[in-house]
Amino acid sequence: MLSCAEVSEKIEKSLSLTTKILNELVEDGYVIETGYAPSSGGRRPQMYSLKPDIMYTVSVAMDQFVTRLAVMDMQNRHIGKIESLELNLAVNPGSLDVITDRINDVIDKSGIPKNKIAGIGISMPGFIDAKEGINYSFLTNRQGTITSFIEGKTGIPVFIDNDSSLIALAELKFGAARNKKNIMVINVGWGIGLGMILNNTLFRGDDGFAGEFSHIPLFQNGKLCSCGKSGCLETEAALTAVIEKALAGLSSGRTSVLKKPDLEALNPEDAGDAIIAAAGKGDRFAVELLSEAGYNIGRGIAILIHLLNPGLVVLSGRGSSSGKILQAPIQQALNEHCIPRLAANTEIIISELGHEAQLIGGAALVMEKYEKGMARKNKIQEAA
């Protein structure tokens, strides 16, 4: 929801012209009035938003092990339930076909006509060339790019980007980063991703690869990282590392509500959730595991603060559900490793969007590329 003044600023048009445009869009049924903003001392401004059912997006949120899919309206509400699919990207060469089939299935179940879907936004891990529609880490496709392949099977424009970048985009548009200037969004998951918002704009770097926070070499531990190097932050702080440490600790006799046979029997998603849940209930061993990961993440954040001096660091993604258990050790690491003056005004918070941020980011990507999507949609229809 935005006020007329906020819309005017974003589209860089005069207030009078923006008012005229909004009134016309309300009359045509594209925009609705949603009430008044809280008073700041003067007249309360009227707020506006797109009509929820004017169009829809399909958001596909992928990580290394699980893919979630949802059809979403213009207010980021799911149409039907979120579909979940266990899919290990590293060992499944047919992943692209599986995902494409599931996208079509989710659209069919939603009952939404394809001509009302603005696009498909896919957030995924890996080194991604968003312009070309290529993921250099996963979903290699001999029949063209990822985007062209899925577009050919669905008839809908497709956009892809790195999962951490889109989590940051969600925070920028709908979450804690709104109206903030310089923010680091940490994606705590199977890696430790980073989305950077600099001067109120998502920073992707020259090739779109900015934010590979997981792979900064912080440790002399000899542990091989998924990137092929050793000693990366990911090897000590990612949820995969937490699960490995949990199993090792239980094997050595650590007391916990967690049991090694039960944990070994779970897939990575459920194993990570079990450790986070145990910590939330006060299990000492689980708290220690997450606290150690938090401290190591804090060491990485200290580097970011020294380089970029952000005003806000947002903990988002799957692992952010552990909440305050991570915050204290992160702050401890900052106290130990940051120059106090540099870190004095940097706030560390937990995302209110949580695990939903990645789905919201996929939808936001489609709307960010709306004009390009409409042009591509026309080409798809002409070729059909």
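Out of everything in region 37-66 that is of a type in the set (Phe, Trp, Tyr) and closer than 21 Å to VAL106 by Cβ, what residue ends up being modelled with the highest pLDDT?
TYR56
For region 1-32, give me the residue count where each residue is part of a loop (DSSP other than H, G, I, E, B), exposed (fewer than 12 other Cβ atoms within 10 Å of the Cβ) and within 33 Å of the chain's Cα centre (by Cα). First the steps, then the outcome.
Residues of region 1-32 that are part of a loop (DSSP other than H, G, I, E, B), as a first pass: 1, 12-14, 29-30.
Subsequent filtering for residues that are exposed (fewer than 12 other Cβ atoms within 10 Å of the Cβ) retains 12, 14, 29.
Next, from what is left, pick out any that are within 33 Å of the chain's Cα centre (by Cα): 12, 29.
Number of matching residues: 2.
Note down all Cβ pairs under 9 Å where the first residue falls in region 90-118 and is free of Cβ contacts under 8 Å to residues at least 12 places away in the same chain and under 18 Å from ASN135 (Cα atoms), the second is assigned to a helix (DSSP H, G or I) and open to solvent by 60 Å² or more (accessible area, probe 1.4 Å), and they're at least six residues apart or on different chains.
ASP97/LYS153
Out of the residues in region 359-379 that are open to solvent by 20 Å² or more (accessible area, probe 1.4 Å) and touching a strand residue (DSSP E or B) at 6+ places or on another chain (Cβ under 9 Å), state the one that is nearest to ASN309 (Cα to Cα).
Here the residue is GLU368.
If you go through region 323-344 one residue at a time, how many are open to solvent by 10 Å² or more (accessible area, probe 1.4 Å), small (Gly, Ala, Ser) and under 19 Å from PHE213 (Cβ atoms)?
Total meeting the criteria: 1.
Considering only region 38-57, I want to know if a residue exists there that is in contact (Cβ under 8 Å) with a residue 60 or more places away in the chain, outside any loop (DSSP other than H, G, I, E, B), crowded, with 19+ Cβ neighbours inside 10 Å and not aromatic (Phe, Trp, Tyr).
Checking region 38-57: at least one residue is in contact (Cβ under 8 Å) with a residue 60 or more places away in the chain, outside any loop (DSSP other than H, G, I, E, B), crowded, with 19+ Cβ neighbours inside 10 Å and not aromatic (Phe, Trp, Tyr).
Kindly check whether there is at least one residue in region 286-305 that is within 27 Å of LYS173 (Cα to Cα), in a helix (DSSP H, G or I), open to solvent by 10 Å² or more (accessible area, probe 1.4 Å) and not β-branched (Val, Ile, Thr).
Yes, region 286-305 contains at least one residue that is within 27 Å of LYS173 (Cα to Cα), in a helix (DSSP H, G or I), open to solvent by 10 Å² or more (accessible area, probe 1.4 Å) and not β-branched (Val, Ile, Thr).
What tally of residues in region 217-276 results from selecting those that are of a type in the set (Ser, Thr, Tyr), touching a residue at least 12 places away in the same chain (Cβ under 8 Å), assigned to a helix (DSSP H, G or I) and loosely packed, with under 15 Cβ neighbours inside 10 Å?
0
Sort out which residues of region 339-351 are part of a loop (DSSP other than H, G, I, E, B) and farther than 18 Å from ASN182 by Cα, and write them in order of number.
Listed by number, the list holds a single entry, ILE339.
The values are calculated or read from the model by the stated rules, or taken from the named source; none is laboratory data. Computed from a predicted model, the values in this text were never measured in an experiment. Note that we place each Cβ from the backbone using ideal geometry, even for glycine, and neighbour counts take in every protein chain shown. Protein only, heavy atoms only, side chains kept; ligands, DNA and RNA dropped before computing areas. Shrake-Rupley method; radii C 1.70, N 1.55, O 1.52, S 1.80 Å.
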